[in-house]
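Student: Pasting a structure here, questions to come.
The values are calculated or read from the model by the stated rules, or taken from the named source; none is laboratory data. Everything numeric here is computed off the predicted structure, so don't read it as measured data. All Cβ positions, even for glycine, are placed from backbone atoms using ideal geometry, and neighbour counts span all protein chains on display. Please note that ligands, DNA and RNA were not included when accessible areas were found on the heavy atoms of the full protein model with its side chains. Shrake-Rupley method; radii C 1.70, N 1.55, O 1.52, S 1.80 Å.
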Amino acid sequence: MKLIYTVCTANYLYQALTMGESLQKSNPDYELMIGLVDEIPVTDFEIPYKIIPISEVQEVNLAGFKGEYTVMEVATACKPIFGLYLFEKYPDLDKLIYFDTDLWVLESVEPIIKNLDTFDIILTPHITQPIDLQEQWNEKQFLNAGLYNTGFVGMKRSENTFKFLNWWKTHLKDYGYYDFCNGMGIDQLCVNFAPVFYEKVLIEYSPAYNLAYWNLHERKVEFVDGKYVMNGKENLLFFHFSGYSPEKPELLSRHIKTSKTSNYPVLKSLFKTYNSALLKNHYQFFKNVIPAYGKYNPPKKEKNIVFRLIEKAAWKAINFIDNFKK
């Protein structure tokens, strides 16, 4: 059985469908299952992948389901829950890949599967080289967010893997908040301990895995014969469009405002393809679905204006104090 799963709320199903589209092109022999931390929305179009609502997996009793977690926090807390569920539901499932919804897969995942012959768990580090220290972007961000990016996790059926998933699940039940000041980075920061606590963990350093805004500075991308070639050696396996929005296609990610898609002309075609796929996969419909679980605050222009006014006033106050000191 060849299976890949993802987890999201209903308002991000457009991303899941888009990731699924890339899988159909690059890995047509794999089945995608969507773990939905939500109720299944009513649509007038067909969703071509199996959706597993959280209510089918377990009783809705996580802290986030009671409204304490945000929508993002409650979704990320369910990654290990759905992983355990799939291993239990499908006894012949030997290897399992988790992909975030905002990935675009370009090549076969067989290198991942081959590595799972030897290892039980595969993780990718956010960065693999030191960063020149700068005030706004340096290693500090990764100490807060986690050394590894859990937008991808490879897993093999084993007691070791089940111990990891159960530990991850238990940890996220109460400590899956986006709260850097208190040592919590949703599902990700705690995974720093995975290579320490568990055996047979592969830290995958290949530049072909998990290309994203946070590591583009250390990887050379070339477009050769219709393929994106990383560091002159390997074809790009998957790109992680973390923080990308079709409403601001010029911005690579909302998480770092200075990162423009125009800074990476070699990837222009990839950005265009991904943006078109998001719109085709019902972005306009799904973005307006209100999730059933977790705290949800839809973006409002009025709120943004208020924040801009507060920010402007704060800068004026800072400048006034600086001038007063002089």
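A quick yes/no check of all residues on (1) within 30 Å of Tyr264 (Cα to Cα); (2) surrounded by fewer than 20 Cβ atoms within 10 Å (Cβ to Cβ); (3) of a type in the set (A, V, I, L, M, F, W, C):
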| position | (1), (2), (3) |
| --- | --- |
| Gly185 | yes, no, no |
| Ala208 | yes, no, yes |
| Ala212 | yes, no, yes |
| Arg219 | yes, yes, no |
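Student: A further question follows. Identify all residues within the range 241-262 that are open to solvent by 30 Å² or more (accessible area, probe 1.4 Å) and not in a loop (DSSP other than H, G, I, E, B); write none if there are none.
Tutor: Residues satisfying the conditions are Lys260, Ser262.
Residues checked against (1) modelled with pLDDT of 95 or more; (2) under 19 Å from the mean Cα position of the chain (by Cα); (3) more than 25 Å from Lys295 (Cα to Cα):
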{"position": "Lys163", "(1), (2), (3)": "yes, no, yes"}
{"position": "Thr170", "(1), (2), (3)": "no, no, no"}
{"position": "Asp174", "(1), (2), (3)": "no, no, no"}
{"position": "Asp179", "(1), (2), (3)": "no, yes, no"}
{"position": "Asn182", "(1), (2), (3)": "no, no, no"}
{"position": "Ile186", "(1), (2), (3)": "no, yes, no"}
{"position": "Ile203", "(1), (2), (3)": "yes, yes, yes"}
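Student: Going residue by residue through the range 45-64, is there one that turns out to be touching a strand residue (DSSP E or B) at 6+ places or on another chain (Cβ under 6 Å), more than 25 Å from Tyr148 (Cα to Cα), in a loop (DSSP other than H, G, I, E, B) and at pLDDT 95 or above?
Tutor: Yes, there is a match, as at least one residue in the range 45-64 is touching a strand residue (DSSP E or B) at 6+ places or on another chain (Cβ under 6 Å), more than 25 Å from Tyr148 (Cα to Cα), in a loop (DSSP other than H, G, I, E, B) and at pLDDT 95 or above.
Student: For the range 149-171, name all the residues that are over 14 Å from Asp120 (Cβ atoms) and either open to solvent by 20 Å² or more (accessible area, probe 1.4 Å) or acidic (Asp, Glu) (or both).
Tutor: Those that are over 14 Å from Asp120 (Cβ atoms) and either open to solvent by 20 Å² or more (accessible area, probe 1.4 Å) or acidic (Asp, Glu) (or both): Lys169, Thr170, His171.
Student: How many residues does the range 93-111 contain that are open to solvent by 10 Å² or more (accessible area, probe 1.4 Å), farther than 28 Å from Asp174 by Cβ and not in a strand (DSSP E or B)?
Tutor: Number satisfying all stated conditions: 6.
Student: Given the residues Val37, Val42, which is the only one that is within 20 Å of Tyr69 (Cα to Cα) and either open to solvent by less than 10 Å² (accessible area, probe 1.4 Å) or more than 20 Å from the chain's Cα centre (by Cα) (or both)?
Tutor: After ruling out the rest, the residue left standing is Val37.
Student: Answer yes or no as to whether Asp29 is acidic (Asp, Glu) and open to solvent by less than 10 Å² (accessible area, probe 1.4 Å).
Tutor: When the stated conditions are applied, Asp29 does not pass them.
Student: Test Tyr90 against the criterion of being touching a Gly at 6+ places or on another chain (Cβ under 8 Å) and either at pLDDT 95 or above or surrounded by fewer than 22 Cβ atoms within 10 Å (Cβ to Cβ) (or both), and give yes or no.
Tutor: In short, no.
Student: Within the range 221-240, work out how many residues are surrounded by fewer than 17 Cβ atoms within 10 Å (Cβ to Cβ) and touching a Ser or Thr at 6+ places or on another chain (Cβ under 8 Å).
Tutor: Summing the residues that are surrounded by fewer than 17 Cβ atoms within 10 Å (Cβ to Cβ) and touching a Ser or Thr at 6+ places or on another chain (Cβ under 8 Å) in the range 221-240 gives 2.
Student: May I ask you to list pairs of residues, at least six apart or on different chains, whose Cβ atoms are under 9 Å apart, with the first in the range 173-189 being closer than 14 Å to Cys78 by Cβ and touching a residue at least 60 places away in the same chain (Cβ under 8 Å) and the second being assigned to a helix (DSSP H, G or I) and among the charged types (D, E, K, R)?
Tutor: Qualifying pairs under 9 Å: Gly176/Glu73; Ile186/Glu73; Asp187/Glu73; Asp187/Lys79.
Student: Something else now. List the strands (runs of 3 or more DSSP E) inside the range 127-240, counting only whole elements, that have at least 1 residues being among the acidic types (Asp, Glu).
Tutor: Result: 221-224.
Student: Right, here's the next one. Identify the residue in the range 117-145 that is in contact with a Gly (Cβ under 9 Å, 6 or more places away or on another chain) and at pLDDT below 95 and, among all such residues, is surrounded by the fewest Cβ atoms within 10 Å (Cβ to Cβ).
Tutor: For the range 117-145, the residue satisfying everything is Asn144.
Student: Okay, moving on. Can you find, within the range 273-282, the residue that is farthest from Asn11 (Cα to Cα) among those that are part of a helix (DSSP H, G or I) and under 20 Å from the mean Cα position of the chain (by Cα)?
Tutor: Thr273
Student: Given the conditions (1) at pLDDT 95 or above; (2) surrounded by 19 or more Cβ atoms within 10 Å (Cβ to Cβ), report the number of the one that Lys114 does not fulfil.
Tutor: The number of the failed condition is (2).
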